[in-house]
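The values are calculated or read from the model by the stated rules, or taken from the named source; none is laboratory data. Everything numeric here is computed off the predicted structure, so don't read it as measured data. Backbone-built Cβ (ideal geometry, glycine too); neighbour counts: all protein chains shown. Note: areas computed on protein heavy atoms with side chains; ligands, DNA, RNA excluded. Shrake-Rupley method; radii C 1.70, N 1.55, O 1.52, S 1.80 Å.
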Amino acid sequence: LDLHHRFSDTVRRWWPERGTADYYAALAGHDRGRRRLTFSDGNATVRINSLGFLHYAVVALGTPNVTFMVALDTGSDLFWVPCDCVSCAPDFDFSIYSPNMSSTSQGIPCRSNLCHRCSEGGQCTYNVEYVSDDTSSTGVLIKDLLYLTTEDKVVKTPIVFGCGMVQTGSFLDAAAPNGLFGLGMDKLSVPSTLSSSGITSNSFSMCFGRDGLGRINFGDNGSSDQEETPINTRPTYNISLTGIGVRNIMEVGFSALVDSGTSFTYLADPAYSSLAKSFNSQVHDKPDSDIPFEYCYQISSNESMVQLPDISFTAKGGSHFPINDPIVLISNEKKRQFIYCLAVIKSTQLNIIGQNFLTGLRVVFDRDRMIVGWKKFDCKVEDSNPLPVNPRNPPSIAFSPSSYTPEA
(Lines give C-alpha, C1' and ligand atoms only; values in the text may rest on other atoms or scores of the structure.)
Protein backbone atom coordinates (compact mmCIF):
# COMPACT_ATOMS: atom_id res chain seq x y z
CA LEU A 1 0.00 0.00 0.00
CA ASP A 2 1.14 3.54 -0.76
CA LEU A 3 0.88 6.09 2.05
CA HIS A 4 -0.05 9.69 1.25
CA HIS A 5 -0.50 12.75 3.44
CA ARG A 6 -4.11 13.89 3.58
CA PHE A 7 -3.21 17.26 2.01
CA SER A 8 -0.90 15.83 -0.69
CA ASP A 9 -1.66 16.34 -4.42
CA THR A 10 -2.65 12.67 -4.69
CA VAL A 11 -5.27 12.88 -1.97
CA ARG A 12 -6.34 16.49 -2.53
CA ARG A 13 -8.35 15.59 -5.63
CA TRP A 14 -10.91 13.94 -3.36
CA TRP A 15 -11.24 17.12 -1.28
CA PRO A 16 -13.53 20.01 -2.24
CA GLU A 17 -11.79 22.85 -4.09
CA ARG A 18 -9.45 24.77 -1.78
CA GLY A 19 -10.97 28.02 -0.49
CA THR A 20 -14.60 27.02 -1.05
CA ALA A 21 -17.24 26.76 1.68
CA ASP A 22 -17.27 22.96 1.28
CA TYR A 23 -13.48 22.85 1.73
CA TYR A 24 -13.61 24.69 5.04
CA ALA A 25 -16.61 22.63 6.15
CA ALA A 26 -14.58 19.48 5.49
CA LEU A 27 -11.67 20.87 7.50
CA ALA A 28 -14.01 21.77 10.35
CA GLY A 29 -15.47 18.28 10.27
CA HIS A 30 -11.99 16.79 10.49
CA ASP A 31 -11.08 19.01 13.44
CA ARG A 32 -14.38 18.33 15.18
CA GLY A 33 -13.37 14.73 15.72
CA ARG A 34 -10.22 15.93 17.50
CA ARG A 35 -11.55 18.70 19.74
CA ARG A 36 -12.06 18.42 23.47
CA LEU A 37 -15.38 19.01 25.17
CA THR A 38 -16.42 19.27 28.76
CA PHE A 39 -19.56 20.15 30.67
CA SER A 40 -21.06 23.60 30.14
CA ASP A 41 -20.53 24.51 33.81
CA GLY A 42 -16.81 23.73 33.48
CA ASN A 43 -14.53 20.72 33.63
CA ALA A 44 -14.00 20.86 37.39
CA THR A 45 -14.69 17.71 39.40
CA VAL A 46 -14.50 17.32 43.15
CA ARG A 47 -14.24 14.43 45.57
CA ILE A 48 -16.98 14.64 48.20
CA ASN A 49 -16.03 12.59 51.23
CA SER A 50 -19.49 12.59 52.78
CA LEU A 51 -20.99 11.22 49.54
CA GLY A 52 -18.98 8.07 49.07
CA PHE A 53 -15.51 9.53 48.36
CA LEU A 54 -16.44 9.77 44.66
CA HIS A 55 -15.69 12.55 42.16
CA TYR A 56 -18.68 14.70 41.17
CA ALA A 57 -19.34 17.15 38.33
CA VAL A 58 -22.17 19.56 37.48
CA VAL A 59 -24.13 18.78 34.30
CA ALA A 60 -27.00 20.63 32.60
CA LEU A 61 -29.95 18.83 30.96
CA GLY A 62 -33.12 19.78 29.10
CA THR A 63 -34.85 22.96 27.89
CA PRO A 64 -34.81 25.09 29.95
CA ASN A 65 -31.73 23.40 31.35
CA VAL A 66 -31.62 22.02 34.87
CA THR A 67 -28.32 21.27 36.62
CA PHE A 68 -27.42 18.07 38.46
CA MET A 69 -24.41 17.09 40.55
CA VAL A 70 -23.56 13.60 39.32
CA ALA A 71 -20.97 11.02 40.39
CA LEU A 72 -18.54 10.05 37.60
CA ASP A 73 -18.38 6.28 37.10
CA THR A 74 -16.09 4.49 34.64
CA GLY A 75 -17.44 1.18 35.95
CA SER A 76 -20.93 1.52 34.43
CA ASP A 77 -22.52 2.77 31.22
CA LEU A 78 -25.85 4.46 31.90
CA PHE A 79 -26.16 8.15 32.80
CA TRP A 80 -29.22 8.63 35.00
CA VAL A 81 -30.67 11.37 37.19
CA PRO A 82 -33.55 11.39 39.72
CA CYS A 83 -36.74 11.93 37.77
CA ASP A 84 -40.44 12.04 38.69
CA CYS A 85 -39.35 10.29 41.85
CA VAL A 86 -41.11 7.38 43.48
CA SER A 87 -38.08 6.51 45.62
CA CYS A 88 -35.12 8.92 45.50
CA ALA A 89 -32.62 10.20 48.03
CA PRO A 90 -34.43 12.21 50.71
CA ASP A 91 -33.14 15.24 52.61
CA PHE A 92 -31.05 16.63 49.74
CA ASP A 93 -31.75 19.99 48.15
CA PHE A 94 -31.01 18.80 44.60
CA SER A 95 -32.72 19.13 41.23
CA ILE A 96 -35.23 16.57 39.98
CA TYR A 97 -35.72 16.02 36.23
CA SER A 98 -39.19 15.75 34.72
CA PRO A 99 -39.79 15.02 31.02
CA ASN A 100 -42.93 17.18 31.12
CA MET A 101 -40.88 20.23 32.13
CA SER A 102 -38.45 20.06 29.17
CA SER A 103 -39.59 21.08 25.68
CA THR A 104 -36.83 18.97 24.09
CA SER A 105 -37.54 15.76 26.02
CA GLN A 106 -38.42 12.63 24.03
CA GLY A 107 -39.24 9.11 25.14
CA ILE A 108 -37.30 6.21 23.62
CA PRO A 109 -39.60 3.95 21.57
CA CYS A 110 -39.58 0.21 22.22
CA ARG A 111 -38.41 -0.44 18.65
CA SER A 112 -35.16 1.47 19.27
CA ASN A 113 -31.96 -0.61 19.23
CA LEU A 114 -31.14 1.05 22.57
CA CYS A 115 -34.23 -0.43 24.19
CA HIS A 116 -33.95 -3.84 25.86
CA ARG A 117 -37.00 -3.66 28.15
CA CYS A 118 -40.47 -2.36 27.42
CA SER A 119 -43.37 -1.66 29.76
CA GLU A 120 -46.99 -2.59 29.07
CA GLY A 121 -47.63 1.07 28.43
CA GLY A 122 -45.08 1.13 25.61
CA GLN A 123 -42.30 2.97 27.46
CA CYS A 124 -38.68 1.86 27.16
CA THR A 125 -37.57 1.01 30.70
CA TYR A 126 -34.28 0.17 32.36
CA ASN A 127 -33.05 -1.45 35.55
CA VAL A 128 -29.38 -1.36 36.52
CA GLU A 129 -28.02 -3.21 39.54
CA TYR A 130 -24.63 -2.23 40.93
CA VAL A 131 -21.94 -4.11 42.84
CA SER A 132 -22.84 -2.45 46.16
CA ASP A 133 -25.40 -4.48 48.11
CA ASP A 134 -29.03 -3.87 47.09
CA THR A 135 -28.06 -0.76 45.08
CA SER A 136 -29.96 -0.14 41.85
CA SER A 137 -31.67 2.43 39.64
CA THR A 138 -34.92 1.85 37.77
CA GLY A 139 -36.89 4.07 35.40
CA VAL A 140 -37.45 4.91 31.72
CA LEU A 141 -35.04 5.97 28.99
CA ILE A 142 -35.29 9.56 27.80
CA LYS A 143 -33.60 11.55 25.04
CA ASP A 144 -32.82 15.20 25.75
CA LEU A 145 -30.08 17.81 25.37
CA LEU A 146 -26.86 17.67 27.36
CA TYR A 147 -24.98 20.97 27.42
CA LEU A 148 -21.28 20.70 26.67
CA THR A 149 -18.72 23.32 25.75
CA THR A 150 -15.57 23.76 23.72
CA GLU A 151 -13.18 26.67 24.18
CA ASP A 152 -15.43 28.94 22.16
CA LYS A 153 -19.04 27.75 22.21
CA VAL A 154 -21.74 25.67 23.86
CA VAL A 155 -22.61 22.38 22.14
CA LYS A 156 -26.15 21.10 22.69
CA THR A 157 -25.86 17.33 22.32
CA PRO A 158 -28.86 14.95 22.18
CA ILE A 159 -28.13 12.03 24.49
CA VAL A 160 -30.08 9.11 25.93
CA PHE A 161 -30.16 8.82 29.73
CA GLY A 162 -32.15 7.24 32.50
CA CYS A 163 -35.11 8.97 34.10
CA GLY A 164 -34.50 7.35 37.49
CA MET A 165 -37.79 7.00 39.31
CA VAL A 166 -36.73 4.37 41.86
CA GLN A 167 -33.31 4.22 43.54
CA THR A 168 -32.27 1.71 46.20
CA GLY A 169 -29.34 1.02 48.51
CA SER A 170 -26.40 3.43 48.55
CA PHE A 171 -28.15 5.85 46.18
CA LEU A 172 -30.59 6.76 48.95
CA ASP A 173 -28.01 8.07 51.39
CA ALA A 174 -24.32 7.46 50.82
CA ALA A 175 -23.47 8.03 47.14
CA ALA A 176 -24.77 9.68 43.96
CA PRO A 177 -28.00 11.11 45.43
CA ASN A 178 -28.37 13.43 42.40
CA GLY A 179 -27.43 10.96 39.67
CA LEU A 180 -24.69 8.80 38.21
CA PHE A 181 -22.75 9.54 35.02
CA GLY A 182 -21.74 6.22 33.44
CA LEU A 183 -18.56 6.50 31.36
CA GLY A 184 -18.28 2.89 30.14
CA MET A 185 -17.87 1.57 26.59
CA ASP A 186 -21.45 0.50 25.89
CA LYS A 187 -23.15 2.37 23.01
CA LEU A 188 -25.53 3.96 25.52
CA SER A 189 -22.80 5.86 27.40
CA VAL A 190 -22.17 9.57 26.76
CA PRO A 191 -18.56 9.08 25.50
CA SER A 192 -19.88 6.52 22.99
CA THR A 193 -22.61 8.92 21.87
CA LEU A 194 -20.14 11.78 21.39
CA SER A 195 -17.83 9.55 19.35
CA SER A 196 -20.50 7.91 17.17
CA SER A 197 -21.94 11.37 16.41
CA GLY A 198 -18.52 12.63 15.25
CA ILE A 199 -18.44 15.27 17.97
CA THR A 200 -15.22 14.08 19.64
CA SER A 201 -12.67 11.33 19.24
CA ASN A 202 -13.43 8.10 21.06
CA SER A 203 -11.46 8.94 24.19
CA PHE A 204 -11.73 10.95 27.40
CA SER A 205 -9.60 11.76 30.41
CA MET A 206 -10.17 12.24 34.12
CA CYS A 207 -7.76 13.89 36.51
CA PHE A 208 -7.86 13.11 40.23
CA GLY A 209 -6.12 15.83 42.27
CA ARG A 210 -4.53 15.07 45.60
CA ASP A 211 -6.51 17.94 47.15
CA GLY A 212 -9.80 16.38 46.01
CA LEU A 213 -10.22 18.61 42.96
CA GLY A 214 -9.97 17.30 39.41
CA ARG A 215 -11.29 17.67 35.89
CA ILE A 216 -12.77 15.75 32.97
CA ASN A 217 -12.30 16.24 29.21
CA PHE A 218 -14.04 14.37 26.39
CA GLY A 219 -11.96 13.83 23.25
CA ASP A 220 -8.67 13.86 25.16
CA ASN A 221 -6.31 11.29 23.61
CA GLY A 222 -3.59 11.82 26.20
CA SER A 223 0.05 12.70 25.59
CA SER A 224 3.08 11.00 24.08
CA ASP A 225 4.86 10.85 27.45
CA GLN A 226 2.12 9.01 29.36
CA GLU A 227 2.41 5.45 30.63
CA GLU A 228 -0.17 3.06 29.20
CA THR A 229 -1.37 -0.52 29.05
CA PRO A 230 -3.90 -2.41 26.88
CA ILE A 231 -7.57 -2.78 27.81
CA ASN A 232 -8.28 -6.52 27.90
CA THR A 233 -11.91 -6.84 26.84
CA ARG A 234 -14.98 -4.75 26.24
CA PRO A 235 -17.18 -3.44 27.75
CA THR A 236 -15.12 -2.63 30.87
CA TYR A 237 -11.79 -0.89 31.40
CA ASN A 238 -10.13 -4.09 32.55
CA ILE A 239 -6.32 -4.11 32.54
CA SER A 240 -3.64 -6.71 33.38
CA LEU A 241 -1.09 -6.15 36.14
CA THR A 242 2.07 -8.22 36.51
CA GLY A 243 3.62 -6.94 39.72
CA ILE A 244 3.12 -5.11 43.02
CA GLY A 245 5.83 -2.92 44.45
CA VAL A 246 6.11 -2.07 48.14
CA ARG A 247 9.69 -0.83 47.96
CA ASN A 248 10.53 -4.13 46.24
CA ILE A 249 8.70 -5.55 43.21
CA MET A 250 6.78 -8.79 43.73
CA GLU A 251 5.65 -10.74 40.66
CA VAL A 252 1.89 -11.09 41.06
CA GLY A 253 -0.33 -11.50 38.00
CA PHE A 254 -3.95 -10.36 38.08
CA SER A 255 -6.46 -8.29 36.12
CA ALA A 256 -8.38 -5.33 37.55
CA LEU A 257 -11.20 -2.99 36.60
CA VAL A 258 -10.26 0.71 36.58
CA ASP A 259 -13.36 2.14 38.26
CA SER A 260 -13.79 5.77 39.33
CA GLY A 261 -17.19 4.81 40.73
CA THR A 262 -15.69 2.65 43.48
CA SER A 263 -14.37 4.66 46.41
CA PHE A 264 -11.59 2.36 47.58
CA THR A 265 -9.52 -0.35 45.96
CA TYR A 266 -10.61 -4.01 46.15
CA LEU A 267 -8.12 -6.84 45.71
CA ALA A 268 -8.53 -10.60 45.94
CA ASP A 269 -5.77 -13.01 46.87
CA PRO A 270 -2.98 -13.40 46.00
CA ALA A 271 -2.78 -9.69 45.14
CA TYR A 272 -4.37 -8.54 48.41
CA SER A 273 -2.07 -10.52 50.71
CA SER A 274 1.01 -9.61 48.70
CA LEU A 275 0.28 -5.89 49.02
CA ALA A 276 -1.19 -5.78 52.52
CA LYS A 277 1.30 -8.01 54.31
CA SER A 278 4.28 -6.33 52.68
CA PHE A 279 2.88 -2.89 53.61
CA ASN A 280 2.23 -4.03 57.18
CA SER A 281 5.76 -5.37 57.58
CA GLN A 282 7.21 -1.97 56.69
CA VAL A 283 4.99 0.16 58.94
CA HIS A 284 6.15 0.58 62.54
CA ASP A 285 3.17 2.37 64.10
CA LYS A 286 0.90 0.61 66.60
CA PRO A 287 -1.93 -1.39 64.97
CA ASP A 288 -5.54 -0.41 65.65
CA SER A 289 -8.40 -2.87 65.21
CA ASP A 290 -11.43 -0.59 65.66
CA ILE A 291 -11.73 0.33 61.95
CA PRO A 292 -13.29 -1.82 59.17
CA PHE A 293 -10.07 -1.80 57.11
CA GLU A 294 -7.84 -4.70 58.07
CA TYR A 295 -4.56 -2.80 58.41
CA CYS A 296 -4.89 0.37 60.51
CA TYR A 297 -2.43 2.19 62.72
CA GLN A 298 -2.46 4.80 65.47
CA ILE A 299 -0.79 8.18 65.11
CA SER A 300 0.62 9.27 68.45
CA SER A 301 -0.02 12.85 69.58
CA ASN A 302 3.69 13.68 69.59
CA GLU A 303 4.34 12.29 66.12
CA SER A 304 4.95 14.99 63.50
CA MET A 305 5.35 12.73 60.45
CA VAL A 306 4.33 9.24 59.42
CA GLN A 307 6.71 7.34 57.14
CA LEU A 308 5.05 5.09 54.59
CA PRO A 309 6.53 2.77 51.96
CA ASP A 310 6.12 3.70 48.32
CA ILE A 311 3.57 1.51 46.53
CA SER A 312 3.17 0.88 42.81
CA PHE A 313 1.82 -1.61 40.30
CA THR A 314 3.53 -2.91 37.18
CA ALA A 315 1.12 -3.09 34.25
CA LYS A 316 1.19 -5.36 31.22
CA GLY A 317 3.86 -4.01 28.89
CA GLY A 318 6.06 -2.89 31.77
CA SER A 319 4.46 0.49 32.53
CA HIS A 320 4.80 1.83 36.07
CA PHE A 321 1.50 2.67 37.83
CA PRO A 322 2.26 4.78 40.94
CA ILE A 323 -0.07 4.65 43.94
CA ASN A 324 0.06 8.18 45.30
CA ASP A 325 -2.70 7.84 47.88
CA PRO A 326 -2.77 4.32 49.40
CA ILE A 327 -4.18 5.23 52.81
CA VAL A 328 -7.07 7.02 54.45
CA LEU A 329 -6.93 9.10 57.63
CA ILE A 330 -9.78 8.67 60.11
CA SER A 331 -10.52 10.53 63.31
CA ASN A 332 -11.25 8.16 66.20
CA GLU A 333 -13.39 10.28 68.50
CA LYS A 334 -13.51 7.66 71.27
CA LYS A 335 -9.74 7.61 71.60
CA ARG A 336 -9.33 11.26 70.54
CA GLN A 337 -6.67 10.43 68.01
CA PHE A 338 -6.10 9.90 64.32
CA ILE A 339 -5.84 6.48 62.74
CA TYR A 340 -4.58 5.75 59.25
CA CYS A 341 -5.49 2.66 57.25
CA LEU A 342 -4.30 0.96 54.11
CA ALA A 343 -7.35 1.82 51.98
CA VAL A 344 -7.64 -1.57 50.30
CA ILE A 345 -10.52 -3.97 50.95
CA LYS A 346 -10.13 -7.73 50.63
CA SER A 347 -12.36 -9.10 47.89
CA THR A 348 -13.43 -12.68 47.26
CA GLN A 349 -13.16 -12.42 43.49
CA LEU A 350 -13.11 -8.96 41.87
CA ASN A 351 -10.04 -6.75 41.61
CA ILE A 352 -10.95 -3.08 41.32
CA ILE A 353 -8.58 -0.12 41.12
CA GLY A 354 -10.80 2.37 42.92
CA GLN A 355 -10.86 6.14 42.88
CA ASN A 356 -8.36 6.39 45.77
CA PHE A 357 -5.61 4.62 43.77
CA LEU A 358 -6.18 7.04 40.84
CA THR A 359 -5.32 10.09 42.95
CA GLY A 360 -2.55 12.31 41.60
CA LEU A 361 -2.97 11.03 38.04
CA ARG A 362 -4.55 12.11 34.79
CA VAL A 363 -6.07 8.89 33.47
CA VAL A 364 -6.91 8.56 29.76
CA PHE A 365 -9.50 6.06 28.54
CA ASP A 366 -8.73 5.66 24.83
CA ARG A 367 -11.42 3.37 23.43
CA ASP A 368 -10.14 3.49 19.81
CA ARG A 369 -6.65 2.31 20.70
CA MET A 370 -8.08 0.18 23.55
CA ILE A 371 -5.59 1.45 26.11
CA VAL A 372 -5.70 3.07 29.54
CA GLY A 373 -3.00 5.73 29.91
CA TRP A 374 -1.86 7.71 32.94
CA LYS A 375 0.55 10.42 33.96
CA LYS A 376 1.30 12.21 37.23
CA PHE A 377 -0.60 15.49 37.14
CA ASP A 378 -1.49 18.34 39.49
CA CYS A 379 -5.04 18.66 38.05
CA LYS A 380 -5.24 22.43 38.49
CA VAL A 381 -8.69 23.82 37.84
CA GLU A 382 -10.16 27.29 37.63
CA ASP A 383 -10.90 29.16 40.87
CA SER A 384 -14.59 29.42 39.96
CA ASN A 385 -15.54 25.91 41.04
CA PRO A 386 -19.33 25.49 40.55
CA LEU A 387 -19.60 22.72 43.12
CA PRO A 388 -20.89 23.97 46.50
CA VAL A 389 -18.69 21.71 48.63
CA ASN A 390 -15.31 21.70 50.31
CA PRO A 391 -13.41 18.55 49.31
CA ARG A 392 -10.94 18.99 52.17
CA ASN A 393 -13.54 18.63 54.92
CA PRO A 394 -13.79 15.57 57.21
CA PRO A 395 -14.94 12.85 57.83
CA SER A 396 -11.79 11.46 56.21
CA ILE A 397 -8.71 12.81 54.48
CA ALA A 398 -6.38 10.89 52.20
CA PHE A 399 -2.67 11.71 52.29
CA SER A 400 0.76 11.17 50.73
CA PRO A 401 2.29 7.70 50.42
CA SER A 402 5.79 8.76 51.40
CA SER A 403 5.09 10.97 54.41
CA TYR A 404 2.29 12.82 56.13
CA THR A 405 2.13 15.63 58.65
CA PRO A 406 -1.04 15.17 60.76
CA GLU A 407 -1.47 18.91 61.31
CA ALA A 408 -1.58 19.63 57.53
Near the amide H of Met370, under 5 Å away, which other amide H atoms are found, from residues 5 or more places off or on another chain, if H is placed in the peptide plane?
-> none
Rank these residues by their accessible area, most exposed first, probe 1.4 Å: Val328, Val66.
-> Val66, Val328
From the Cα centre of region 63-132 to that of region 134-192, the distance in Å is 7 Å
For region 45-53, Karplus couplings with θ = phi - 60° (6.51, -1.76, 1.60), whole Hz, Gly/Pro x = 10, 8, 7, 10, 4, 6, 10, x, 6
Residues whose built amide H sits under 5 Å from the amide H of Gly75, excluding neighbours closer than 5 in sequence, are Leu183, Ser260, Gly261
Ignoring any ligand, DNA or RNA, what whole percent of the accessible area of region 240-328 comes from carbon and sulfur when the probe is 1.4 angstrom?
-> 47 percent
Global geometry of region 219-261, whether rounded, prolate or oblate, following the gyration tensor of its Cα atoms and the 1.5 cut on a/c | oblate
In region 227-376, what % of DSSP beta bridges are antiparallel (nearest 5)?
-> 85 percent
Probe 1.4 Å, all protein chains present, accessible-area order of Thr104, Thr45, largest first | Thr104, Thr45
Calculate, for region 38-218, the solvent-accessible area per residue in square angstrom, rolling a 1.4 angstrom probe over the heavy atoms of the protein chains.
-> 39 Å²
Lys156 accessible area, nearest 10 Å², 1.4 Å probe?
-> 130 Å²
Solvent-accessible surface (1.4 angstrom probe) belonging to Arg234, in square angstrom, nearest 10 = 130 Å²
Please calculate how many Å² of accessible area region 227-376 carries per residue, with a 1.4 Å probe and no DNA, RNA or ligand atoms counted.
-> 44 Å²
Loop-located trypsin sites (Lys or Arg not before Pro) in region 235-319 whose Cβ has at most 15 other Cβ within 10 Å (DSSP) = Arg247, Lys316
Karplus couplings for region 213-225 from phi (6.51 cos²θ - 1.76 cosθ + 1.60, θ = phi - 60°), rounded to Hz, Gly and Pro as x?
-> 8, x, 7, 9, 9, 8, x, 8, 8, x, 9, 5, 9
Answer in debye to the nearest 20: the dipole magnitude of region 38-218 about its Cα centre, from +1 Lys/Arg and -1 Asp/Glu charges placed on Cβ, is 540 debye
Of all accessible surface on region 38-218 at a 1.4 Å probe, what whole percent is carbon and sulfur?
-> 48 percent
